[in-house]
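Chemist: Got a structure for you, written out below as structure tokens; questions coming shortly.
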Amino acid sequence: MIKSVTVLFSLALALCAPGSGDAWAAGVYGATSIDTSAFALGRARLNVVFLESDGSIDVDQENWTPSQLNAVRSEVGEATTFWEGLTENYHPNARLQFDVNYVNDGVPVTTGYEPIRRASFQDSFWINDAMADLGYAGGNHFDNVRAFDNDQRLAGDTHWATTLFVVNDAVDADKRFSNGQFAYGYIGGPYMVLTYSNFNWGIDRFNRVLSHELAHSFFGLDEYAGAGNRNNERSGYLNGVNGNAELNAQGQTVVSPQPNALMLNNTLDPSNFTDVQLGHRDTDGDSIPDILDTFPLLTGGEVGSDPQAGRFEFLGSTMVTSLPNLNTNQLGFSSSGAEMTINWIAAAQYRVNEGSWIEFAAADGAYDDHIEPLSLSLVGLSAGDYTIDIRTFNSVDNASVPLRFAFQSTAAVPEPAAALMVLVGALPLAWRARRRR
């Protein structure tokens, strides 16, 4: 029988549940700098930039007031709350959470142009003006904002980032740009543009317009006929079909399966088809969306064990795995096509002779990364034959395939050491009930 088992790291760490901390792995495993909003899961930074003309190029027509700025803030809060609610039934480490970043501390960023007096396709003028003020110049406006987004997600320790430019239109007669547009966004980012009133939607429904445009940032396609998207088009990491669109493959108007939906008429939630484009699909109903429902890979072997001393040694590593990226939309612009995951390694355990699973500490001090080195040393194994199993868990509680080792000890261990074995072996497997945020 086993007389004692000692995990040779910090015993205090070994006894702690991995869910007791609040760690969050920075970045997205596999993502490139253009993959700034690949799917609507995890933490996302929404950068909000208010634009203010200084009259140096165009006539200074619009001027932000404190009440207008506060109204937009309130509407942004409603939109992000709506989006977070879409994933509230998912595993805590899969849910979408927004970090709203009011750029320049919410003080409007100046530009020589009066945006609302211009056509929307001239947005490169005032966007580059604003981005230069923020320290991003030299590239085209898409590249400048993309670089800003990428830096902001790193600065905010979030997985994703996108930017919202808000244009004042309080004085403007028709509340639209000179070419008739009033709100738009790009598939996969890097930015969206909304006006204060958004034509006839008004400031009190700014949140609905923003919710719609945010879907574009996460690869959601329009469904209303005027946008021109057809019901055979596909988008998103899971390559979801746009099956609720009003136009069929031949461009003819058809009846939408869901007549009220976010991308069709700004009402209610996204259609089931849009959900897939956003990454909100949970095929097996286990609260883990398909994109994150993967399992860690565990490798390693017995290295340096000493049977005569009753010591078992394991060295190895474990890493997250990801689903293939099926997205064919915006390749090279806002999607690299790379496989990605926001999962991280959250815990490692061992057991002896199929007894209770016992936590062991991370070799580098914390389980908080996509790839973790593993090192386990069990000493005090008295003479006998043992099976030792090792497994790891990712951040959505999925376990790796265990590694099993047969170990034969020829050592004798003094009887008093048995007390430690009882302490360690009696630990309950309770951490899985204490999931992270």
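Chemist: Using Cα pairs closer than 8 Å and at least 6 residues apart in sequence, work out the relative contact order for the range 313-423, in percent. Don't skip to the end; give the middle numbers.
Modeler: On the way: 191 pairs, mean separation 29.3, N = 111.
About 26 percent, as a whole number.
Chemist: On to the next question. If a helix is a whole DSSP H run, which ones in the chain reach 20 Å or further along their own axis (Cα) and hold a mean Kyte-Doolittle hydropathy of at least -1.0? Could you put the intermediate results ahead of the total?
Modeler: Details: long enough: 66-85 (29 Å, -0.49); 141-155 (21 Å, -1.07).
Helices meeting the span and hydropathy rule in the chain are 66-85.
Chemist: For ILE390, what charge total do you get from the other residues with a beta carbon under 9 Å from its beta carbon, if Lys and Arg give +1 and Asp and Glu give -1? Mind dumping the intermediate values first?
Modeler: Values: positive: ARG351, ARG391, ARG404; negative: ASP389.
Residues near ILE390 contribute +2 overall.
Chemist: If R₀ is 35 angstrom, what is the calculated FRET efficiency for the pair GLU84 and ALA399, using the beta carbon separation as r and rounding to 0.05?
Modeler: Working: r = 28 Å, r/R0 = 0.80.
E(calc), rounded to 0.05, equals 0.80.
Chemist: How much length is gained on full extension from ASN179 to GLN308, taking 0.36 nm per residue of separation minus their Cα-Cα distance? Please report the intermediate quantities before stating the final value.
Modeler: Details: separation 129, 0.36 × 129 = 46.44 nm, distance 8.33 nm.
Answer, rounded to one decimal: 38.1 nm.
Chemist: How far is it, in nm, from the label point at SER287 to the one at ARG73 when both lie 7 Å from their Cα along the line to the Cβ?
Modeler: Placing both labels 7 Å beyond Cα along the Cβ direction yields 3.4 nm.
Chemist: Before anything else, pin down the relative contact order of the range 43-218: Cα pairs under 8 Å, at least 6 apart, normalised by residue count, whole percent.
Modeler: Working: 337 pairs, mean separation 51.9, N = 176.
After rounding, I find 29 percent.
Chemist: Still on this structure: To the nearest 500 deg cm²/dmol, what mean residue ellipticity at 222 nm is calculated for the chain from DSSP H runs of n ≥ 4 alone, each contributing -39,500 (n - 2.57), summed and divided by the residues?
Modeler: So the helix-based figure for the chain works out to -5500 deg cm²/dmol.
Chemist: Normalised by the number of residues in the chain, what is the relative contact order in percent for Cα pairs under 8 Å and 6+ residues apart?
Modeler: Details: 1055 pairs, mean separation 90.4, N = 437.
Computed over the chain, the figure is 21 percent.
Chemist: Continuing with the same structure: Could you order the peptides 237-243, 80-86 from most to least packed, using the average number of other C-beta atoms within 10 Å per residue?
Modeler: On the way: 237-243: 22.1, 80-86: 16.6.
Listed from highest to lowest mean packing, they are 237-243, 80-86.
Chemist: Going by amide H atoms built from the backbone, whose H comes under 5 Å of the H on ALA347, apart from near neighbours?
Modeler: Hits under the 5 Å cutoff: PHE393.
Chemist: Report the full-extension gain for the segment SER317 to ASP157: residue separation times 0.36 nm, less the Cα-Cα distance, to one decimal in nm. List each step's numbers first, then the result.
Modeler: On the way: separation 160, 0.36 × 160 = 57.60 nm, distance 2.46 nm.
Once the chain is fully extended between SER317 and ASP157, it gains 55.1 nm.
Chemist: Note the listed values (1) 90, 47, 34; (2) 60, 59, 44; (3) 65, 64, 39, then indicate which one is Cα extents along the principal axes in Å calculated from this particular structure.
Modeler: Computing Cα extents along the principal axes in Å and matching it to (1) 90, 47, 34; (2) 60, 59, 44; (3) 65, 64, 39 gives (1).
Chemist: Modelled label-to-label distance, ASP60 and ASN104, 7 Å Cα→beta-carbon offset: nm?
Modeler: 1.3
Chemist: Report the calculated FRET efficiency for THR299 and THR328 (r = Cβ-Cβ distance, R0 = 30 Å), to the nearest 0.05.
Modeler: Calculated transfer efficiency: 0.40.
Chemist: Same structure again: Quick one: grab Rg to one decimal and Dmax as a whole number for the range 145-207, Cα atoms only, in Å.
Modeler: 13.9, 41
Chemist: How far, in nm, would the chain grow between THR387 and ASN200 when pulled straight, counting 0.36 nm per residue and subtracting the alpha carbon separation? Spell out each step's value before the answer.
Modeler: Numbers: separation 187, 0.36 × 187 = 67.32 nm, distance 7.04 nm.
Contour length minus Cα-Cα distance gives 60.3 nm.
Chemist: Continuing with this model, one more query. Could you tell me the calculated FRET efficiency between ASN140 and ARG117, based on Cβ-Cβ distance and R0 = 25 angstrom, to the nearest 0.05? Let's see the in-between values first.
Modeler: Values: r = 22 Å, r/R0 = 0.89.
Plugging the Cβ-Cβ distance into 1/(1 + (r/R0)^6) gives 0.65.
Chemist: Could you work out how far apart the two model spin labels at ASP133 and SER356 are, taking each label as a point 7 Å from the Cα in the direction of the beta carbon, and quote it in nm?
Modeler: Calculated label separation equals 6.1 nm.
Only the coordinates and a few stated rules stand behind these numbers; no lab work does. Since the model is a prediction, treat every value here as computed from it, not as a measurement. Please note: Cβ atoms are built from the backbone with ideal geometry, for glycine as well, and neighbour counts cover all protein chains shown.
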